[in-house]
Amino acid sequence: MQVLVADGLGEEGLARLREAGEVIVRSGLAEADLAALLPAADALIIRSGTRVSAAALGGAPRLRVIARAGVGVDNIDVDAATRRGILVLNTPESSTIAAAEHTMAMLLALVRHIPQAHAALSAGRWIREPYTGTELAGKTLGIIGLGKIGSEVARRAMAFDMRVLAHDPYVTEERARRLGVDLGTWEEVLRRSDVLTLHVPLAEETQALIGSNELAAMKPGALLVNCARGGLVDEQALLGALEEGHVGGAALDVFAVEPPPAGAPLLAHPRVVATPHLGASTREAQRSIAVDVADQVLAALRGEPVHGAVNAPALGEETWRRLEPFMALARSLGEVAQQVAEGQLSAIAIRYEGEVVRMDTPALTASFLAGLLHRISDQTVNLVNAVVVAQDRGLAISEAHSDLCEDFASQIIAETQTSHGTLRLGGALFGHREARITRLNHWRLDLVPASHMLFVWNQDRPGMIGMVGTILGRHGVNIANMHVGRRDAGGTAVMVLTLDAPAPAEAVREIREAAGISQVKAVRL
């Protein structure tokens with residue numbers, strides 16, 4: 001066995017690897033250098049400095065594992081690795097405690113003005129009045145994202161006698177109760193929190209999650225802590241809110257551009273505490289990462305399960321060929337459910353009908369869950385870990401199978417149960433490969449999923465389709481296709497529009513407020 005280690009690794013991890021085989025340590029590898037070393041490697045361990053491309057993997061016939069000593073896998077072509085049957089794994093939990101403790105350290109430094117007081121004392125000034133602090137006891141901490149790190153922050157905050165209010169639609173009420181946390185809507189958490197801390201991944205949906213509107217909705221004088229990802233906060237809007245005095249202070253460990261430009265006014269603001277992305281920078285976390293990644297690599301090479309896998313397990317070519325279109329269908333159903341369902345999620349029930357029951361349905365269930373959770377989880381969610389991530393959030397998951405299918409050769413029916421009720425989605429394949437959404441609650445559809453869709457519930461009466469089309473046309477949005485479902489004439493109907501581009505928020509608002517419209521959901525796949 002040969003393990004190639006790029007970018008360095010802690011000695012404890014290297015020692016474990018050396019007990020099992022040959023270890024080659026090379027730092028600063030360019031793509032060509034990496035490609036030259038990979039043909040003899042059974043496993044590759046990297047950090048953020050090494051890029052693993054599809055081209056480099058093309059000449060690696062022995063490679064079975066790529067391990068990221070850390071969390072992000074953006075520098076790995078995961079799809080190419082999966083196609084080659086190479087397991088990709090990371091160490092998502094090794095820095096959880098370090099990140100949670102740093103969040104609390106930043107908050108304490110902010111409320112007690114520790115950096116400013118230290119700077120004044122170091123400059124020879126013994127002054128106390130400007131640095132009168134605020135106690136955490138009795139204050140409300142709002143947590144956006146109650147995943148692993150958010151949960152650890154909640155535990156520590158309660159030790160300071162803080163009330164904890166969290167927003168995370170994909171954590172059940174039962175799990176929140178076990179943590180001693182109250183769940184609230186997005187608006188409630190913004191409005192009621194004395195301190196707001198962010199613990200969600202950075203994705204297109206969470207880019208500038210905290211902008212001018214959200215800052216304005218916060219309690220006057222509230223504090224903002226961000227030790228998650230820099231792009232979650234509109235830094236210019238935050239600076240404005242600080243200068244206006246509406247936001248009382250901010251503690252920032254991450255920034256939209258790292259390192260931030262010299263002289264950035266946000267860093268110089270007197271009510272800002274900042275550190276250079278130190279959330280995972282503890283000796284214990286670095287040691288844990290080294291040991292964890294080494295143990296996972298060795299387990300994977302022995303064919304044992306690993307907890308940090310971020311891609312699908314290796315599947316035979318024929319199995320993959322048969323499953324792939326159903327996996328794409330299941331994932332699309334999950335993504336639609338995530339964006340259409342309302343309320344606190346509690347359970348998922350998936351029913352497989354027809355020929356699909358003879359396939360690897362657990363992989364299809366995992367694909368649905370990956371679509372449901374990947375945008376909102378604070379860790380990578382895919383086929384390997386989707387069920388575990390869902391269970392960690394307290395979701396009940398069940399499968400049912402029936403050889404009978406009324407309308408199609410195979411059909412997948414997914415029921416998403418929330419505090420607002422149950423959303424029922426059905427899907428089938430046409431021509432064995434084209435995914436279509438066939439059911440939405442009691443409405444029958446014939447919808448080919450598209451990148452941009454608009455789901456509109458409306459009163460079934462003349463002129464509704466034209467009205468929606470007119471509004472979209474006025475906003476420059478072209479409709480590619482339209483699908484209409486209804487049950488009873490004059491009742492509630494649903495129309496689903498596939499669009500060439502996303503509908504602007506103003507267009508969605510205008511449709512939602514139009515007479516006869518009961519609900520509108522913009523969906524992006």
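The values are calculated or read from the model by the stated rules, or taken from the named source; none is laboratory data. All values derive from a computational prediction rather than experimental measurement. Counting neighbours? That spans all protein chains shown, and the Cβs are built from the backbone with ideal geometry, glycine included. The protein model used for the area step is the full one, side chains on, heavy atoms only, and it has no ligands, DNA or RNA in it. Shrake-Rupley method; radii C 1.70, N 1.55, O 1.52, S 1.80 Å.
Cβ-Cβ distances below 6 Å connect the following pairs, each with a first residue in region 298-324 that is at pLDDT below 70, a second residue that is not aromatic (Phe, Trp, Tyr), and a separation of six or more residues or different chains: Ala312/Thr82; Ala312/Leu383; Ala314/Gly85. Whenever a residue of region 21-34 is without any contact (Cβ under 8 Å) to a residue 24 or more places away in the chain, its partners that are assigned to a loop (DSSP other than H, G, I, E, B) and open to solvent by less than 30 Å² (accessible area, probe 1.4 Å), lying with C-beta atoms within less than 8 angstrom and at least six residues away or across chains, give the pairs Gly21/Asp42; Ile24/Ala41; Val25/Gly8; Val25/Leu9; Ser27/Gly8; Leu29/Thr50.
Any residue at all in region 359-370 that's among the β-branched types (Val, Ile, Thr) and in a loop (DSSP other than H, G, I, E, B)? No, region 359-370 has no match at all. Among the residues making up region 416-449, those that are farther than 19 Å from Ala493 by Cβ, in contact (Cβ under 8 Å) with a residue 12 or more places away in the chain and not in a strand (DSSP E or B) are Ser419, His420, His432, Arg433, Val448, Pro449.
Considered as a group, the residues in region 402-416 that are open to solvent by 60 Å² or more (accessible area, probe 1.4 Å) and either modelled with pLDDT of 95 or more or touching a Gly at 6+ places or on another chain (Cβ under 6 Å) (or both) include one that is farthest from Leu183 (Cα to Cα), and that residue is Ala409.
For region 463-482, indicate whether the set of residues that are without any contact (Cβ under 8 Å) to a residue 24 or more places away in the chain and aliphatic (A, V, I, L, M) is non-empty. Looking through region 463-482, at least one residue is without any contact (Cβ under 8 Å) to a residue 24 or more places away in the chain and aliphatic (A, V, I, L, M). Before we move on, is Leu121 touching a residue at least 60 places away in the same chain (Cβ under 8 Å) and either open to solvent by 10 Å² or more (accessible area, probe 1.4 Å) or basic (Lys, Arg) (or both)? In short, no. The helices (runs of 4 or more DSSP H) falling completely within region 1-109 that include 3 or more residues that are closer than 22 Å to Ala309 by Cβ and either at pLDDT 90 or above or open to solvent by less than 10 Å² (accessible area, probe 1.4 Å) (or both) map to 11-18, 54-57.
For (1) open to solvent by less than 10 Å² (accessible area, probe 1.4 Å); (2) among the hydrophobic types (A, V, I, L, M, F, W, C); (3) modelled with pLDDT of 90 or more; (4) more than 20 Å from the chain's Cα centre (by Cα), each residue gets a yes or a no:
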| residue | (1), (2), (3), (4) |
| --- | --- |
| Asp360 | no, no, no, yes |
| Phe368 | yes, yes, yes, no |
| His374 | no, no, no, no |
| Ala390 | yes, yes, no, no |
| Gly431 | no, no, no, yes |
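For region 417-428, taking the residues that are open to solvent by 30 Å² or more (accessible area, probe 1.4 Å) and in contact with a strand residue (DSSP E or B) (Cβ under 8 Å, 6 or more places away or on another chain), the one that is modelled with the lowest pLDDT is identified as Ser419.
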